[in-house]
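The values are calculated or read from the model by the stated rules, or taken from the named source; none is laboratory data. Quick caveat: nothing in here was measured; it's all calculated off a predicted structure. So basically every Cβ, Gly included, is an ideal-geometry build from the backbone, and we count neighbours across all protein chains shown. Quick note on the areas: whole protein, heavy atoms, side chains included, nothing else; ligands and nucleic acids left out. Shrake-Rupley method; radii C 1.70, N 1.55, O 1.52, S 1.80 Å.
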Amino acid sequence: MNNTKEKLFSEFQAPTTQEWLDKIEVDLKGADFQKRLVWRTAEGFNVQPFYRREDVEKLQTPYAMPGEYPFLRGNKKDDNTWYIRQEIKADDAKEANAKALDILNKGIDSLSFKIPGKMVNVEFIEQLLNGIYCDVVELNFNTCKRHSLELAQILTAYFEKKGYDKEKLVGSIDWDPLEKIVMQGKAVEPILQFAAPLIDALKDYPNFRCITVNAASLNNAGAYIVQELGYALAWGNEYLNLLTDAGVDASLAAKKIKFNMGISENYFMEIAKFRASRLLWANIVRQYDVNDDDACKQCVNAVTSSYNMTVFDAHVNMLRSQTETMSAALGGVHSIVVTPFDAAYEKPNDFSERIARNQQLLLKEECHFNTVADPGAGSYYIEELTTRIAEQAWKLFLSIEDEGGFLKAIQQGTVQDDINATNEKRHTLAAQRREFILGTNQFPNFTETSEGKRPIEHTCGCGHNDATPYKSINSTRLAADFEQLRIATEQSAKQPVAFMLTIGNLVWRQARAQFSCNFLAAAGYKVIDNLGFASIEEGIDAALKAGADIVVLCSSDDEYAEYAIPAFNYLNGRAMFVVAGAPACTEELKAAGIEHFIHVKVNQLETLKEFNVELGIK
């Protein structure tokens, strides 16, 4: 019997990296490799088109182990289990309790109650938690920061009254005054004095956290991944400094901090972000002479983004949140909240909340994402992204520390200015269709109407009107500008009709008609495509018969010199005339009076706004 084991494909010689590069150069046929294949990310580093074992061998990340310091590969050794969390607005204790008991039977194992500050009292909490076994479900609470200490004291008294084992109680109180400065510019420094007493109230509950870093707010304001991570680390470090200066043991302080982080649509980078985040946070905590490895474990609740959610074609939001949820699950987070797909325009209903729950249950029960520790380990690409994101986030963290720490940075407006600049940049990119929003600026649903749906503006509900001496973050969803434009069109007396005058070269006229239909439908115009016309006169007559407000000439660049001016003259101002493309004869066409051109280099949003003005739509 032959016991010799042969490796698969051992008879083939493995190509070297240089051989791969040589082959790529041939296939590119002289095109610039750096421009065509190297991805220049918004995170501050380049991504190559492929990675090999030799690239990963240079990194330190593959040598970490799950459940061991620095926890890059996760806090657990044997699996990847996370809590499925749902948020409940608890204005009425009885109603919130009934909802909690209902969803606990539908797959939820983590509850998050948002309680008005004026409702924080013993009777309210007892009614809220009635019938809930607090030692088998994670409990999270959010209330006015001035009432958080009172809430903690009521909860501990309730737990002791019920005789719960303190080590079995898992949960958190969302206490994060710094978020008020970051997002709203409010002066809340006096509230920081409650940090140490809050920890003291919960010091005997090892798995109950009470200091929060709400970096998800930055994600929902448009922050890039490195910005969210770098600022989150500085944010958490500010609380560590504050607590240790107040005499709290560093190990205890670290164990009481929880991170709420967002999840953007960048699938692989988000997986890498959560891995890098644990690595960097563990290193930060270690610098406080903490020898307890458990204290170095970062606890992250991940929330799917609302920044990229849309009012129109809203069911696409399910696709966005599903990939985001996958990223967080594969990244090894503690818990996940899936934002219901309709949250951008209405209070989530039973259907949307059920879908949100099932999105996580699908990953657990059918895809088994919870069974393997650090599923992304060993992937050359993910390991590389983890290292690069960690490097860039650490640079940002150090820059904030050089400025005097996170508190000073947000008092001076450094963080707010940076996030606002990114938000503005991303809105510009979306307006130029250089950042796609599926169903909004790219492939909109041609026949959809809003049906009365209007974007929801979220405001602070604590009831306190704090002073606002600092800069704030202007948080607007990426699709908001297009939605405003489309709703204005919908509310006009007549829906504009855009007619594609397709003529000439078959390939070019079809391609430009498809582009133009997508371009104009983003404003809510009715678009009419056509197979082609034998003459411009035939096409324009058909357009006017169809009641066209806009006639779009769709042909090849070479043929525009032949067709554009005669078509413009024959139309004779009876409708707006648009040329689809940027032909070499553009200046000649402009000299003849043609003003409107649409192509990939124009600002789609501004162009559509101009069209609306010309059409009399405000």
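Annotation for Gln514 and Ala187: the two label points, set 7 Å from Cα along the Cα-Cβ direction, are 5.9 nm apart.
Taking a ≥ b ≥ c as the square roots of the Cα gyration tensor eigenvalues, segment 500-618 comes out rounded, since a/c falls below 1.5. What you get for segment 86-132, charging only the Cβ of Lys and Arg (+1) and of Asp and Glu (-1), is a dipole of about 100 debye around the Cα centre. Counting lysine pairs in segment 112-201 that sit 8 or more residues apart in sequence, or on different chains, and whose Cα atoms lie under 21 Å apart gives 8.
Size of the dipole of the chain about the Cα centre, Lys and Arg at +1 and Asp and Glu at -1 on the beta carbon, nothing else charged, in debye to 20?
That gives the chain a dipole magnitude of about 560 debye.
Just want the answer: with Cβ charges of +1 for Lys and Arg and -1 for Asp and Glu, which residue in Ala373, Val182, Leu59 is farthest toward the dipole's positive end in the chain? Farthest along the dipole direction, towards plus: Val182.
Give the label of the value calculated from the structure for Rg and Dmax of the Cα atoms in Å, choosing from (1) 39.3, 126; (2) 25.5, 84; (3) 28.3, 90. Correct label, based on the coordinates given: (3). Listed values for segment 40-47 are Karplus-derived 3J(HN,Hα) couplings in whole Hz (6.51 cos²θ - 1.76 cosθ + 1.60, θ = phi - 60°), namely 8, 6, 6, 8, x, 9, 9, 10, and x replaces Gly and Pro.
Given Ser327, Asn241, Ala253, which one lies farthest toward the positive end of the charge dipole of segment 212-348, if we put +1 on the Cβ of every Lys and Arg and -1 on the Cβ of every Asp and Glu? Selected residue: Ser327. With all protein chains in place and a 1.4 Å probe, the accessible surface of segment 507-556 carries 54 percent carbon and sulfur. Each label point was placed 7 Å from the Cα along the Cα-to-Cβ direction; for Val600 and Leu361 their separation is 4.4 nm. Here's the picture: charge each Lys and Arg Cβ at +1 and each Asp and Glu Cβ at -1 in the chain, and of His599, Leu129, Phe533 the one pushed furthest to the positive end of that dipole is Leu129. Stretching Thr447 away from Thr16 to a fully extended chain increases their span by 149.9 nm, per 0.36 nm per residue minus the current alpha-carbon distance. Mean residue ellipticity at 222 nm, helices only, the chain: -13000 deg cm²/dmol; runs of at least 4 DSSP H residues each add -39,500 (n - 2.57), and the sum is divided by the number of residues.
Couplings 3J(HN,Hα) of segment 78-83, computed from phi: 10, 8, 10, 5, 9, 7 Hz, in residue order, whole Hz [Karplus 6.51 cos²θ - 1.76 cosθ + 1.60, θ = phi - 60°; x for Gly and Pro]. Sorting Arg486, Arg53, Arg146 on solvent-accessible area from highest to lowest, probe radius 1.4 Å, gives Arg53, Arg146, Arg486. Across segment 390-522, the mean sequence separation of Cα contacts (distance under 8 Å, 6 or more residues apart), normalised by length, yields a relative contact order of 30 percent. Heavy-atom accessible surface of segment 1-76, averaged per residue, reaches 79 Å², computed with a 1.4 Å probe.
Expressed as a rounded percentage, what relative contact order does the chain have, with Cα pairs under 8 Å and six or more residues apart?
Numbers: 1089 pairs, mean separation 84.3, N = 618.
Value for the chain: 14 percent.
Annotation for segment 499-607: trypsin sites (Lys or Arg not before Pro) lying in DSSP loop with at most 15 further Cβ atoms inside 10 Å of their Cβ are Arg574, Lys601. With R₀ fixed at 25 Å, the C-beta to C-beta distance from Ala98 to Asp135 puts the FRET efficiency at about 0.75. Computed about the Cα centre, the dipole magnitude for segment 161-313 is approximately 320 debye when only Lys and Arg (+1) and Asp and Glu (-1) carry charge, each at its Cβ.
Under 5 Å from the amide H of Cys299 lie the amide H atoms of Phe259, each residue being 5 or more positions distant or on a separate chain, with H modelled from the backbone and absent for Pro and chain starts. Principal-axis analysis of the Cα atoms of the chain puts helix 380-402 at an angle of about 70° to the longest axis.
Computed over protein heavy atoms with a 1.4 Å probe, the accessible surface of segment 543-618 works out to 49 Å² per residue. To test your reading of the geometry: what angle, between 0 and 90 degrees and rounded to tens, separates the Cα axis of helix 350-361 from the longest principal axis of the chain? Once rounded, the angle reads 70 degrees. Charge tally for Thr310 (other residues, Cβ to Cβ under 9 Å; Lys, Arg +1; Asp, Glu -1): 0. For helix 604-614, what angle does its Cα long axis make with the longest principal axis of the chain, in degrees from 0 to 90 and rounded to 10? Helix 604-614 sits roughly 60 degrees off the main axis of the chain.
Send over a whole-number figure in Å² for the accessible area per residue of segment 322-420, probe 1.4 Å. Spell out each step's value before the answer.
Values: 3800 Å² over 99 residues.
For segment 322-420, the solvent-accessible area averages 38 Å² per residue.
Here the calculated FRET efficiency for Lys168 and Gln127, from their Cβ-Cβ distance with R0 = 22 Å, stands at 0.45, rounded to the nearest 0.05. Taking every C-alpha pair closer than 8 Å and separated by at least 6 residues, the mean separation divided by the residue count of segment 306-457 gives a relative contact order of 32 percent.
Give me the extension gain from Leu615 to Lys7: residue separation times 0.36 nm, minus the current Cα-Cα distance, reported in nm with one decimal.
Gain on extension, Leu615 to Lys7, equals 211.9 nm.
Modelled spin-label separation between Arg434 and Asn349, with each label point placed 7 Å from Cα along the Cα-to-Cβ direction: 4.0 nm. Taking amide H as placed 1.01 Å from N in the peptide plane, the amide H of Ile456 sits under 5 Å from that of Tyr345, each at least 5 places away or on another chain.
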